[in-house]
Structures are given as C-alpha cells and as structure tokens.
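Rule-based calculations on the coordinates, nothing more; no lab input. Only a predicted model underlies this, so the values are computations on that prediction, with no experimental measurement involved. All Cβ positions, glycine included, derive from the backbone under ideal geometry; neighbour counts span all protein chains shown.
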Amino acid sequence: MKRTLLALSLAALTSVSTFAVAAYPEKDINGIIAWGAGGSTDTVARSVAPHVEKILGGTIVLSNKTGGVGVIATKFVDSQAADGYTLLMNAENPQLYKVMGLADMDYSNFTPINVLARGVPVIVARKDAPYNTIKEFIDYAQAHPKEVKTGSTGPGGLTSVVLAMINTENKMELTAIPYDGDGPALTALQGGAIDVMPAVLGATLEHVKAGRMKVLGVVDKEAHALLPDAKPITADYPVYEKYLPWGPFFGVFAKKDTPEDVTAKLVDAYNQGSQDEAFKKLLADRGFIQLNIAGKEADDFLKRWQSVTSWLVFDAGIAKKSPEEFGIPKP
Amino acid sequence: MDATPRKPGETGFNILLLLGSIFLFYQAYKIAGFSALSSPGAIPMAASAIMVITTCIIVVKEFARPKAEGGAKAFFTQILPFTIAVMCGLIILFAVVLQQLGFVLTGLAFLWVSIWFLQKRSPLSAALIALLCVFVIYVLFRLIFQVILPEGIIPERDIIASVKNFFAGAK
Amino acid sequence: MPETLQYFLMTWTQPQLLFLTAIGTFAGIYIGAIPGLSVTMAVSILISFTFSWEVNNALALMAGIYMGGVYGGSRTAILLNIPGAPSAIATALDGYPLAKKGLAGEAIGLSTTISTLGGFFGILILAIAAPFVSEFALRFQPRDYLLLAVMGLLLVGSLSGGSMAKGVFAGALGILLGSVGLDPLTAEERFTFGYTDLMTGISAIAIMIGMFGVSEALDQMHYLSMPAIKQRLTRIVPSWQDVKKHLPLGLRCSALGTFIGALPGTGGDIAALMAYDHAKRSTKNPEVPFGEGAKEGIVAPEAANNAAVGGAYIPMLTLGIPGDAVTAVIVGAMFVHGLNPGPLLMIERPEIFWFTVGTLTLATIFMFIFGMTGIKIFTKIVEWPKTVLLPVILLLSIVGCYAINNSVTDVWWMLGFGIIGYFMKTYGYQLGPVILGLILSRLIDDNWRRAIISEQESVVGLFTGIFMSPLSLFLFLTIVFLLFSQTKLWVKLKTRVLGRSAKDVTIDPTQV
C-alpha cells in the first residue's frame, strides 16, 4: 500500500513540469470543465492541456464542475479572482444563458483564451426511414404532421437550434422526445425509439460509417470531408446560408479583467498547444473544425454566434426573454 | 394494532414531515401545474402526492398509539443526548466555516475538538491523531487525486509551488 | 483463433501490461473503497495522465481500476456502512450488520469470492455473446426502461422494515430528491427556489454518504462506552460448502447484472439493488433474516455489480455506446488515443476486443488476490476506539463528498441529510428506500416522459404499446406477478394447489 502510494505520488510529481519561473504561473492553475467526464468538452480540454502545460511551464489541474447546462461552472469561475489561476472550459451554452433566463452573464464576462473548435451539425435518421436527404425528410414531415419522432436535447441545444432553423424556413410539426444529450438520443435512434435527429457530426460518424444510421445531410455551406456523400443543406435550400456556418463550439476562457500579460501568456500557450499534431488529429477524427482563435477574432465569432442563435431560439418560441432586452443585435 | 408507546418527539417529527410534504407538493405543482402528463412537474407531483398520503397515514396511525412519556427531558436523553447534540453542532459549524477558512484549518480543528470532546482525555493525543489524519487525507486527495479542497486562508498552492521549486532547484 | 488467443494473452505475457493491470486493480480497490473517490473520476484523470502512453497500457490500467473499483465499494459498505460507490449500497444492507457481529472478515471474504464469480461471468458473456446482447439491449424502448424502473421500485417492499407507509414515503422522497435542479430534458427549474447552487441538483452520492455514513456515525455515539467489536478473523476464505450453497443465486444475479450493465442507461447500482430484491424474494429460509446479516444479501449485489462491468463493456466495444458512466469516459480515452470506438471497431481493430477481454479476466484474478490479502489490516480499522473512528468517518465523509463535484454545497446537503437521516432512522423510517428512489428517479422520470410523449400523451396508447411488444409485455407481466405474489390471495392459492404450509412466503400482516 505504502509503496504504491509513493509510486503514485512520485508519478504525479514527475508528470508535473519542474520548470520554474518568477512570473505567471507561480502556482497550479485550476481548469474548471463545465461538462461531465467523457463528454466532448471534457475530452478536448483534457487532451490539449498536457501540450499547453509544456509551453506554459506550469500545471493545469482539471476538474469537472457540472450541472445547469454549465451555469454552475461559469458562475463559479466568475466568482473567483481575475488572476488567471482559474480558467473556464465550456461550450457554446453561456451565449444563451441570458435569453433562456438561466443566468445574467455570458462570454462577455470573460476573455476568450482560445476558442478551440466548432462542430458541424448533421441530420441523421434511422436506417430504414423512408427518406434519404434533408429535402425528402422535410417533404415527408410536412406531409405527415406529428408522425416523425425526433430526439431533442433541451431548449438551446444543437437539436433545438437546428430544428428552429428548419421550422423558420420550412414549417413542419414533429414529435420531440427529450434526451439528456446526443449520446443517449443516438442510441435511441438505433433502437427505433426516434426516427430522425440533428446531431454533431463527430457523434454520428462511426455509426453512419457502419450503416447503423443514415445521414440525410450536413447543416453547413459545404460538404464535410469525413462524410463526402452527405449534401449540404444549402444545396436544396440556399435560404439557410444566412445562418451558416453554425455549430456548437468549445473553448477556454479567463475571467474578464485578468491582467493582460497573463492572458497574453495563456493565449500564446493555448495557441501553440493546440497546434500539436496529435491534438489536431483528435479533433479532425471527431469531425471538429479547428478554430484556434483568440482576441478580436474570437470576440467577433462569439458575438455573431450569439446574435444568430438568440434570435433563432427567440423566434422559435423557446427563449424566455427577448434578445433585445440584452442589446443582442439581429443578425 | 401496534401498542408500543411513541418515542419522544416522534409525533412532532412526523407532523413536520407531513407539512414538508405538503409544501413540496405545492412546489411541484408550481413547476408546470396540470399542463401535461409529460411535463417536467409530473413525476415530482406524483412523488410528493405519495409523500403527503403516506405521512397522513403515518400520523393517523401514530395517534392510535400511547403517548410518549417524559416530555422534553426524555427527548434530550433518549433521542438527542448531549454528546450527539454537540457533535451535530460541531458538524454544522464545520460546514459553515469550511469555505472561508479552508479544509486544512477546519479539518484539523474539527478532528481535534471532536476527538478531544469524545475521549475526554489529553488534548495533545487528540491533536496528534487529528494532524496525522488530516495529513493522510490531504496527501491522498489533494496531491494524488488532485481534488482541489477548499483553500480558504492558507495559500496552499503557493506553498506547494515553493516546495516544488525547492526540489526543482535541488535538481 | 490462434490470433484471438494471442490478443487475449497479450496482457498476461507482457510484464509491463501485467504490472499496469495489477497496479490498476489495486488502486481501483482503494479508490472504490474511499467514498467520494470514484472510478469515473480516476479514469478521467488518467486521460490527461496517460496521454502520451501506448493505448494498450492506458486501457489495461483503466480496466484494472474499473474492475477493482466496483469491488472496492463493498469494503467500506461492510466495515463502516458507507458504501464507497453507489453500486455497493445493497451490500451495506446486510454486510454492515455482519461486521457489527464481528464477522467482517467473513463478509469481505465472501464478497470477494462472489465478486470474482460475477466478474468472470460478465466477461464470459462479453466474450461469447457481445454482438447478440448489444443488439437486444438496443431494442429497449423508453417504456421498457420505465417498466424496469418500476420493477426496481418494488424493492421498497423488501426494504421497508417495520412500516410499509414509512417505506413508501422514503421511496417517494428519494424520487423527489432526484428531480431537484434543472430538468436535464427541458432545462426547466425544479425545486430550485431561484438558487444557482440548486440548479445542478442534489448529488445522489452526497445524500447517500449523509444518510448512510453520517447518520450511522451519529447513531453510534449512543454506544460510545461500549468497547469496539472484536473482529473474528479465523475464517476469511469462505468454505466450499458456503460457496456451493450460494452458487445458484450468485449465477442468477450475475446474469441479471451482466444484462442490466449492458443496457445503456442503467449500471451496476441498479443491477445490485435488483439482485438484492431477487435474493430476498427467492430465498425461502435464510439462516439469518435479511437486513440483519444474511449472506444472500451480500452474494446477490456483489455478483451483480461486478458482472455489470463486463456487461457495460458489451455495447461499448461492439457499438461504441457506453454502458455506464465509466465506460463513457473510457470511450473518451479511446478517442484521445486515436481509436474510433464504434460499430466498426471490432472490424477495424479486432485485437482491441480480445485484448480487453484478456485484461478484464486478468484484472478479476488480481482483484481476488488483492481482495483476499488486505483484509486483516482493513478490519483493524473497525477496532479503533469509536471516539477516534467516528470523527474520522465524519471528516472522510465530508472530504469524499466535496470531491465528487468540488462543491461545498454538496457538503451541506450531506450533513443536512445526515442529521435528517439520523432522526428518520430513530423514528423507524428505513433509509434504503430513499437511496433506491434517488437512484431510480432519473430512470423513471425521463422514461415516463419519453414514453408518454411517444404516444402523444395517451395513457391508453402507452398500454397498447406495452401489449403489442413481446419484450414490454414480458416485463409488465413480471411486475404483475411480483406484486401479486405478495398478496394473501396468492398465498391461499399456492397453499391450496401445492398443499404445503405457506408460512415461509407470507408477509407478517402486522408488518404491513
């Protein structure tokens, strides 16, 4: 017992970089992951961290603080000192907190260190569904109101936003069965409990390749290299171009008003760290499009995303408050 | 019929549970009312309704049994004797100050005071045990499993960093 | 075939892999035993830690931790009445009474042996029937999960102790507590009273540690002056006769555990509770009544929860669908290591499957060895003077509870429920049903809503659906049977048909 403890603690110590500098970081950085172990945000945050640590010369201690679609973690990091020793690793959700009435904060309360990647939404259906493309699906659903069962992952989630888009442009009635994430919903799709499901490409990829479900199309302006046969939605409906590109994203954020030399160091470390080949491959394999942006570029990205999505969910009637209240401009 | 006398405080506790259940039922109703069978409030309402019904049964059955004897005095000897009351108090105090003062301080103080209080022997031996336990727990959780325990007023990370740097320097 | 064997034996023949599996299993036992340190947490820390490792090394370590961790939960459940993990709750029900009688060594010995049996059983099913089982598991519709949850709820009857009304109250309370927070399906707030801290819900583990550990520690303070129970350690390895006697029950519960583990959405905790229920119903004449240290009460959950490990790997390796929270993290780890867990994994990388089967088998063997060796030192803990042991248990509960989600609020809940639990216990409420309700809460709530939405809000439609599907009908009839078999009518019928005394199956009417 003692020996193992010793071995484990030695291992833990050696994994820690022994580099020491006077400036930031002087101590361990706490990385707060807003989502549970095993999810996309968790996996990506944990796999980029070792590369960043190398460049930063410090340790990032990652812990999951889940719940309330990320509100708990976001509020927690906001309540800590703005010294760069507590970082938030979260997905797109905070940009909707205000209109969903979950919290009166969003990413404008934070400085983006790195928006790591975004996902591409696709629409998949069970393999024996009577439609093969997005157009056929929309036609079928319009002809058979309420008959098509779709999975939904809660208001503001990818599924609801994509369906809100479609509903705005091509009105139809579906029966939405709620699931607590795209994993369980895609499992239900294979078991026939639901018929169709908008989901992030990476989650569907292996199942599509194995022929256990079929992809109707990509909700993007162009086809994706991993699923070259799936047509982009704009091929049949150019009207969707104004919403796109749209997709979930995740990134690393520091509290606003963190000293600039600290954020600069973090931005640089994350920028270099995410250029690691193994990490790039991980993102590509899961169908994510790497963004690796910070500063103004990231701010613009976040603002545009918030404006497009807030108005979409508001017009679809799933938002609790109008984006106008918070000065979110129409796209 | 059950003829065992009630325990001191039993009636009060059951009535409290009944009131609590009614309150929770009202809260569950407020989630979505009777809007739909599939509403987020449906199962909470069903569960709290069952709670109200069962506590009613419990209270009614209760009154059929002979009353508890001894009044408040019996409650504080049988149900909540001095030792347990003090320990409950210590636990609550511990929980309240944990965040502000940090785990190391509060944990040490809690163990020291409670072992001393329970043993009623030398404060020194209690302090030693407390120190040892907190040390083991700290190493296990904070250092090996990297669970960030509440830091409070002790700048733990700075201390760890300086210890680490010391060893790094020695290399 | 020789290739398969080669992959299977990879871990056995490479010293490095052998060593990592051993370390993993050993660490897993202690991680599982300490409340608050969970296997899920340990495996996710390992994702960063093993980032640069060979994928096989990482998988071997994780498999070891998983297998050891599920078993380890029973240690603290038996010794301290604090289940180290939710899957060990059922073990505490009869394990802790055994420890109170000074038979902790025997209880741990039995749980180790039976866990090993369960572990092997789950792996065997994984090896020979994985594709079949996972296809079948996928067919479970929301209504089937709902029926399964209802079946689990019937356990309230066996857990209620003296008063049925109090047991049902406790079960309903558990379901209600499980629903607190932002509804995971619609993001509607439930019982949050506007507090952000409540949005995340009340951690089930916090309530569990509070109601089992803290309330028991408070209760024990009535008996401070009594000397600690001397543990008899003469018999640790259970006798062959003992094992043989419990073998049929162990195998039935292993089968149950494997299948419940393989269902995406249910895991070892539910498996163990359902197995406990099964044991209580099927054991006609236990030597000791359930709840007072019946050996069957240890055999059933321990067989089921370790069998669920193999079960959880079934949909993960064949379809890339995790069977529980731990396998979900392992899926993430596989991605990080460049594998693509999914239906094609078995075709593209068949070696991963057989490698995992081999590693799990080895981990089970190590689990037996490590499980059987550390017992004496472990049981010594219970012999500490209570004046030291109880404060340490309280502190450990607090730290463990904090560690689950790095939240002080969880600690408050734990202490609050510890104190409430103490009073409930004092006034004749059983705490088991609370935890049962808590564990089943999501399963019932989510699947009730999914099932009823699928039928356009029609209860008639739901029942039509149940009668149209053979699987649902089977589950439904099982529930009806389980309910009916507790009524007096059934007893009368049985006596008349079989002509034998119904004494062993009747429920004492004064207890209802």
(message) What are the ³J(HN,Hα) couplings of region C:311-318, residue after residue, when phi is run through the Karplus curve with 6.51, -1.76, 1.60 and θ = phi - 60°? Round to Hz, x for glycine and proline.
(response) x, 5, 6, 4, x, 5, 6, 8
(message) Quick check: the angle from helix B:103-119's long axis to the longest principal axis of chain B, C-alpha only, nearest 10 degrees?
(response) 70
(request) State the percent of C-alpha pairs, over all pairs in chain C, separated by a distance greater than 30 angstrom. (result) 47
(request) Amide H neighbours of A:Ile113 under 5 Å, at least 5 residues apart or on other chains, H built in the peptide plane: list them. (result) A:Val252, A:Phe253, A:Ala254
(request) Can you pull the one-decimal nm distance between simple spin-label points at C:Trp12 and B:Leu128, each 7 Å off the Cα toward Cβ? (result) 5.1
(message) Give me Rg/Rg_expected for region B:10-78, where Rg uses Cα atoms only and Rg_expected = 2.2 N^0.38 Å with N residues.
(response) 1.47
(message) Test of understanding: ordering B:Glu62, C:Glu351 by Cβ neighbours within 10 Å, fewest first, what list do you get?
(response) C:Glu351, B:Glu62
(request) Arrange C:Glu287, B:Glu151, A:Glu53, A:Glu324 by Cβ neighbour counts within 10 Å, fewest through most, would you? (result) C:Glu287, A:Glu324, B:Glu151, A:Glu53
(request) Let me have the 222 nm mean residue ellipticity of chain B computed from DSSP H runs of 4+ only, each contributing -39500 (n - 2.57), with the sum over all residues rounded to the nearest 500. (result) -23000 deg cm²/dmol
(request) Report relative contact order for chain C in percent, whole number only (criteria: Cα-Cα under 8 Å, sequence separation at least 6). (result) 27
(message) Working only with C-alpha atoms, what are the Rg and Dmax values of region B:83-170, expressed in angstrom?
(response) 15.0, 51
(request) Taking the convex hull of the Cα atoms, report for chain A its projected area averaged over all directions, in nm². (result) 18.3
(message) Under the rule of at least 5 residues apart or a separate chain, name every residue whose amide H is placed under 5 Å from the amide H of B:Gly41.
(response) B:Ala32
(request) Can you tell me the FRET efficiency between B:Ser35 and C:Phe463 if r is taken as the Cβ-Cβ distance and R0 is 22 Å, rounded to the nearest 0.05? (result) 0.50
(message) Based only on Cα atoms, what mean projected area does the convex hull of region A:121-243 have, in nm²?
(response) 6.5
(message) In Å and on Cα atoms, what radius of gyration and Dmax does the protein assembly as shown show?
(response) 28.1, 87
(request) Taking amide H positions as placed in the peptide plane 1.01 Å from N, state which residues far from C:Arg190 in sequence (5 or more) or on other chains have amide H under 5 Å from it. (result) C:Gly181, C:Leu182, C:Asp183
(message) What do you get for the angle between helix B:82-101 and the principal long axis of chain B? Use alpha-carbon atoms, 0 to 90 degrees, nearest ten.
(response) 60
(message) If you wrap a convex hull around the alpha carbons of region A:272-331, what volume per residue comes out, as a whole number of Å³?
(response) 113
(request) With r as the distance between the Cβ atoms of A:Lys127 and A:Arg304 and R0 = 41 Å, compute the FRET efficiency 1/(1 + (r/R0)^6) and round to 0.05. (result) 0.70
(request) Just add up the charged neighbours of A:Gly39: K/R +1, D/E -1, any other residue whose Cβ is under 15 Å from the Cβ of A:Gly39. (result) -2
(request) Report, please, the projected area of region C:40-110 averaged over directions, based on the convex hull of its C-alpha atoms, in nm². (result) 5.1
(request) Give the distance, in whole Å, between the Cα centre of region A:54-125 and the Cα centre of region C:255-293. (result) 41
(request) Please give every one of the lysines within straight-line cross-link reach of C:Lys492, meaning a C-alpha to C-alpha distance under 21 Å, and leave out same-chain neighbours fewer than 8 residues apart. (result) C:Lys280, C:Lys284, C:Lys503
(request) Could you work out how far helix B:10-32 tilts from the main Cα principal axis of chain B, as a 0 to 90 degree angle to the nearest 10? (result) 90
(message) I need A:Leu56, C:Leu273 ordered by Cβ neighbour count within 10 Å, fewest first.
(response) A:Leu56, C:Leu273
